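Each remark here refers to the structure printed beneath this line.
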Amino acid sequence: MFEMPRKKIRIVPLTRNFQKYGLPLYAAAWVWYKLLDPDPDPDPDPGPSTSDEISNAKSKSAQKSYIVLAGGGGEGRSGIPNAVLLVEFDFTAKSLSNLPVSKFVTASDLPYRMAVHPRGDGVVCSFPKSCRLYVIDEEKSEEIKKLVLNLSDKVLTRLEDVGQQLALKFNNEGSALAAGGEDGNLMVMA
């Protein structure tokens, strides 16, 4: 009797900690953003509250964190945008946000590498010819606190026209940045 060969079928589980954001990714880093804590200026008459309610509010903010991503389709006309993204990760649900919380399109410049400042309020991103600083700010509305990613007004003059930097790292205090270039040079800015 003739038997048909069986094909192996790979079943990929649908998990919430796996997500596509529409572009190839070249860099990713955690953002431990400190402004996510509950409102530091409580209402003068907040009404009765228990220590459990306060504890729950603090733990909810601590369970969510953010990841900054960089990537894209490059200089060509691939139709894939170059961008720096900010996405949310919920540690309790172990899930990534379906869409970026914030997206900054970088036109034809492809972001390759990045370093997040230890305070979590800034990101240095490497492009083919220079580096740029992005700031992470809170956009406050009456109901929701949302993080946004914006290009900083501050120009990184020592990292302009230096070529592509393949390694970027802040020291633990955030007072110095090391940048390793494609040309083999290492710069430390303190």
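Any read-out appearing in this document is the output of simple, stated calculations on the displayed coordinates, not a laboratory observation. Keep in mind it's a predicted model, so treat the numbers as computed, not measured. Please note: Cβ atoms are built from the backbone with ideal geometry, for glycine as well, and neighbour counts cover all protein chains shown.
Placing pseudo-labels 7 Å out from each Cα toward the beta carbon at LYS7 and LEU156 gives an inter-label distance of 4.7 nm.
Taking each of LYS64/LYS129; LYS103/LYS169; LYS94/LYS129; LYS20/LYS145; LYS146/LYS169; LYS103/LYS129 in turn, the alpha-carbon distance tops 31 angstrom for LYS64/LYS129; LYS94/LYS129.
Neighbours of LEU159 by Cβ distance under 14 Å: Lys/Arg scored +1, Asp/Glu scored -1, total +1.
Enclosing the Cα atoms of the range 106-159 in their convex hull gives a volume equal to 100 cubic angstrom per residue. Rounded to two decimals, the Cα-based Rg/Rh of the range 90-190, with Kirkwood Rh, is 1.02.
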